[in-house]
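Structure record follows, encoded as structure tokens.
Taken together, the values in this text are just the output of simple stated rules run on the coordinates, not laboratory data. Since this is a predicted model, take the numbers as computed values, not measurements. Don't worry about glycine lacking a Cβ; one is built from the backbone with ideal geometry, like all the others, and counts go over all protein chains shown.
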Amino acid sequence: MKVDHYAVFGHPIGHSKSPRIHRLFAEQTKQSLAYAAQDVPAESFVAAADAFFADGGKGLNCTVPLKELAWQYADRLTERARLAKAVNTLARQADGSIVGDNTDGVGLVNDLTLNHGITLPGSRILILGAGGASRGIVGPLLECRPARVTIANRTVYKAETMVAEFEGLGNVDSSGYPELEGRQFDLILNATSASLSAQLPPLPANLLAEQGCCYDLAYGTQPTAFVIWGIAQHASKSLDGLGMLVEQAAEAFFVWRGIRPLTGPVIELLNGECQAASPALGY
Ligand code: NDP
């Protein structure tokens, strides 16, 4: 039987759960495919992607630090990728051309709404960070008609630039961290990379509205610093980004294969493994 080849490129890539997730999707949907992880530093990206597609590869996921390079590499972009200026999914078409897509935003929205029952229309959303992940999620969040999306970043001009690019899609404003003092939000999303070094952005007290939720795009075997912060703020839910990871992978799988895998069993399996790795923390 012919096996279609897919891969995730990134640097570093050793920790990636994507091969596991896509193999589980393939098993579940009875698709014949192979999915590998390849360590590709930024300077080797174009040569590695050219070689992959020349060998007949069907699709690539791209992660840190390659999403912007993948955006430049694509022959055509979906609208959500064009706005995000970042691509996490490349798909080879029948005519050999490469389409770039960004499935991070829809992955986050599906995890928030379908898996956790969080209401987005009319809510006040705060996004911390103005990097690649933030760029991928702001458009799909605005499409859900929240009351407002505020983007806060350490380097404020990056948040201001994003507001200028996305303001046509809905109510969006920018802020530095000190200027958040006195404001309240129903949902706070951590799209900074601070959690990766067990740090927190400098957040003022009383930022989270009563019954509000916190969500860290980062994830690990133990609760992140931001998930712990959310619990301390009495968030009704304080979640990490494992569900988003699985949901963005499911959307990429759909882009490539035209089939939507069930995400629930995969999230449950991976969460169970995280809990087994840190049973004392019980999250
Ligand atoms: P980038 O490097 O593009 O952006 C990093 C952002 O974090 C910048 O806004 C930067 O601010 C900010 N930042 C870094 N350290 C701190 C700090 N100590 N305090 C305050 N702000 C800080 O990273 P990405 O956008 O690609 O990734 C962000 C996070 O999202 C990562 O944890 C990544 O793992 C996660 N992610 C999860 C996904 C999932 O599927 N669950 C998918 C994609 C990303 P400044 O501009 O001022 O430097």
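At-a-glance table
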item	result
Extended-chain gain in nm, criterion 0.36 nm per residue less alpha-carbon gap, Y157 and S44	37.7 nm
Peptide ranges 142-155, 171-184 listed from the most packed, as the mean C-beta count within 10 angstrom indicates	142-155, 171-184
Within the stretch 91-200, percent of DSSP bridges classed antiparallel, to nearest 5	15 percent
The stretch 156-242 - convex hull of alpha carbons, volume per residue in Å³	107 Å³
Length-normalised contact order for the chain - Cα pairs under 8 Å, 6+ apart - percent	15 percent
Antiparallel DSSP beta bridges within the stretch 18-168, percent to nearest 5	50 percent
Fraction of beta bridges assigned by DSSP in the chain that are antiparallel (%, nearest 5)	15 percent
Most positive-pole-ward Cα, L24, C213, I188, against dipole of the chain from beta carbon charges	L24
Projected label distance in nm at V64 and A276, using a 7 Å step from Cα toward the beta-carbon	2.6 nm
Relative exposure of T89, T192, judged by other C-beta atoms within 10 Å (fewest first)	T192, T89
